[in-house]
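Structure first, commentary second.
The values are calculated or read from the model by the stated rules, or taken from the named source; none is laboratory data. Because the structure is predicted, anything quoted here is derived from the model rather than measured. Here the Cβ positions follow ideal geometry from the backbone for every residue, glycine too, while neighbour counts run over all protein chains shown. For the accessible areas, the whole protein counts, side chains as well, though only heavy atoms, and no ligand, DNA or RNA atoms are used. Shrake-Rupley method; radii C 1.70, N 1.55, O 1.52, S 1.80 Å.
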Amino acid sequence: MNHLPPLIDIPFDLRHQCWFCAEPSYDVFSYYAKASTPHPSLTLPACSECARLAKKNLLTSIWDCRDAVKDDLMQIYHKDLAIGINWTEEELAESGFDCRILSGFKESAWMMYNIAKGRINAKGWPLVLNGIDIEQGYSAVFEFDGLQFNSLNKAINHYCDTLALNKSLLCEILNIVGKDKFSYAVRLCRMNIGITKEHQKLLIEQVQEEFT
């Protein structure tokens, strides 16, 4: 633990809460800043699931990482979230699902929906590190090529789907160069569609040498 980046300032009443989803936290997640990262390296409390997802979605900042974690949670718990689309709490209570197979769904479905919704909607608390507010200048909206996206991750998904890009490669490049060079990262990925894992590793090393 002594080698981890400094822990963010945690409000006393939230000291056992995951910063990503507000569930109880039994783990931490450390974000190691690159030259292009708009904040210092930091460590924050996280539940085990969010910590695992965050390690897969580093992107260009802790906030972009959080957006990607929320997108993953939404995908993982889409069936639970769909309950709120298809039912109301009253409809479930009056559904007549009293047989052995359906009674469990009737009793737990609304609770599972509320848990999933709460995790997706959790905002986390404003990031303060050693008494310094590091949220200044952060914008949740990402704009590129005349389009506005609710998050960097939404833009990544859009261009990967539209241009058939390698998402993991694009994310790795962005983590190094920063989202201000989104055009460069997209162009590099377009030039390397179908790249092998060996060449992908070499390309990432070359980008790191160029931008560090």
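Looking only at residues in region 181-193 that are part of a loop (DSSP other than H, G, I, E, B) and either open to solvent by less than 40 Å² (accessible area, probe 1.4 Å) or not β-branched (Val, Ile, Thr) (or both), the one that is nearest to Leu53 (Cα to Cα) is Asn192. Note on region 22-73: residues that are in contact with a Gly (Cβ under 7 Å, 6 or more places away or on another chain) and either of a type in the set (A, V, I, L, M) or not in a loop (DSSP other than H, G, I, E, B) (or both) amount to 2. If you go through region 1-21 and keep only what is over 19 Å from Asn121 (Cα atoms) and touching a Gly at 6+ places or on another chain (Cβ under 9 Å), you end up with just Asp9.
Would you point out which residue out of Gly118, Gly124 is at pLDDT below 95 and at positive phi?
Working: Gly118 fails: at positive phi.
The match here is Gly124.
Residues in region 63-82 that are under 17 Å from Pro126 (Cβ atoms), touching a residue at least 60 places away in the same chain (Cβ under 8 Å) and open to solvent by less than 20 Å² (accessible area, probe 1.4 Å): Trp63, Asp64.
Number of residues in region 151-180 that are surrounded by fewer than 15 Cβ atoms within 10 Å (Cβ to Cβ) and touching a residue at least 60 places away in the same chain (Cβ under 8 Å) equals 1. Pairs are defined by a Cβ separation below 7 Å, a sequence spacing of at least 6 or placement on different chains, a first member in region 22-51 that is buried (at least 17 other Cβ atoms within 10 Å of the Cβ), and a second member that is among the acidic types (Asp, Glu) and part of a loop (DSSP other than H, G, I, E, B); the pairs so defined are Cys47/Glu23.
Restricting Thr212, Thr196 to those that are within 16 Å of Thr60 (Cβ to Cβ), more than 21 Å from the chain's Cα centre (by Cα) and either of a type in the set (Val, Ile, Thr) or open to solvent by less than 60 Å² (accessible area, probe 1.4 Å) (or both) reduces the list to Thr212.
Out of the residues in region 2-21 meeting the condition of being free of Cβ contacts under 8 Å to residues at least 24 places away in the same chain and assigned to a loop (DSSP other than H, G, I, E, B), tell me which one is surrounded by the fewest Cβ atoms within 10 Å (Cβ to Cβ). I'd like the intermediate steps shown before the answer.
Within region 2-21, the subset free of Cβ contacts under 8 Å to residues at least 24 places away in the same chain is 2-3, 12-13.
Cutting the leftovers down to assigned to a loop (DSSP other than H, G, I, E, B) gives us 2-3.
Numbers: Asn2: 3, His3: 5.
Within region 2-21, the match that is surrounded by the fewest Cβ atoms within 10 Å (Cβ to Cβ) is Asn2.
Sort out which residues of region 52-62 are open to solvent by less than 10 Å² (accessible area, probe 1.4 Å) and under 14 Å from Asn175 (Cα atoms), and write them in order of number. Full working, then the answer.
Kept after step one, since they are open to solvent by less than 10 Å² (accessible area, probe 1.4 Å), are these residues of region 52-62: 53-54, 59-62.
Residues satisfying the conditions are Ala54, Leu59, Thr60, Ser61, Ile62.
Can you tell me which of Ser41, Ser36, Ser30, Ser25 is among the polar types (S, T, N, Q) and under 15 Å from the mean Cα position of the chain (by Cα)? Ser30 is the lone residue from the list that is among the polar types (S, T, N, Q) and under 15 Å from the mean Cα position of the chain (by Cα). Only one of the numbered conditions (1) aliphatic (A, V, I, L, M); (2) more than 22 Å from Tyr138 (Cα to Cα); (3) at pLDDT 95 or above is not met by Ile193, and that is (3). For region 104-145, taking the residues that are of a type in the set (Ser, Thr, Tyr) and part of a helix (DSSP H, G or I), the one that is surrounded by the fewest Cβ atoms within 10 Å (Cβ to Cβ) is identified as Ser108. Residue-level analysis places Gln200 outside the set of residues that are among the polar types (S, T, N, Q), over 30 Å from Pro24 (Cβ atoms) and in a strand (DSSP E or B).
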